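Peer 1: Before we start, here is the structure in question, set down as structure tokens.
None of the figures in this text is laboratory data; all of them are computed from the coordinates on show. Since we're looking at a predicted model, the values are computed, not measured. Using ideal geometry, Cβ is built from the backbone for each residue, glycine included, and neighbour counts are taken over all protein chains shown.
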């Protein structure tokens, strides 16, 4: 799980870096960054204000790597915890019960009378109470 988690979080980190750089470059080209810088200058009465793009992205990449390591570690711990709880509690078990529906469908198509069967496939006793098996039964 360590390898899978590490690869997953590295891929997410890489996509976030690429997407954020593309958005930043688009905002620079459109002049949005410049307008935000002027707004901050006016808001706080500063002489000059400018975003240091290189420093912002270095910190962004470093924070992303820390989150990759933390996310991978958290994933591994949670998987180990899940497996321990499953071992202690027994997990979840599913039991599939297969009924003989295919045989009944074939008989209906052929026009035969369908006689209910019990769980082991033998025909049930008739409802008349005589204790006799239905005609054509095996006992």
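Peer 1: Run the quick spin-label model on residue 54 and residue 12: label points 7 Å from Cα toward the beta carbon, then report their separation in nm to one decimal.
Peer 2: It is 3.1 nm.
Peer 1: Then there is this: So for the pair residue 98, residue 63, with labels modelled 7 Å out along Cα→Cβ, what separation do we get in nm?
Peer 2: It is 5.7 nm.
Peer 1: Determine the gain in length on full extension of the stretch residue 40-residue 73; use 0.36 nm per residue of separation and subtract their C-alpha separation, reporting nm with one decimal.
Peer 2: 8.0 nm
Peer 1: From a point 7 Å beyond the Cα of residue 80 in the direction of its Cβ, which residues of segment 1-37 have a backbone N at a distance under 20 Å?
Peer 2: Hits in segment 1-37 for residue 80 at 20 Å: 1-9.
Peer 1: Kirkwood Rh, Cα Rg: Rg to Rh for segment 2-89?
Peer 2: Here Rg/Rh amounts to 1.25.
Peer 1: Follow-up. Output the relative contact order of segment 2-89, whole-number percent, from Cα pairs under 8 angstrom with separation of 6+ residues. Before the final figure, lay out each step's value.
Peer 2: Numbers: 30 pairs, mean separation 43.2, N = 88.
Worked out over segment 2-89, it gives 49 percent.
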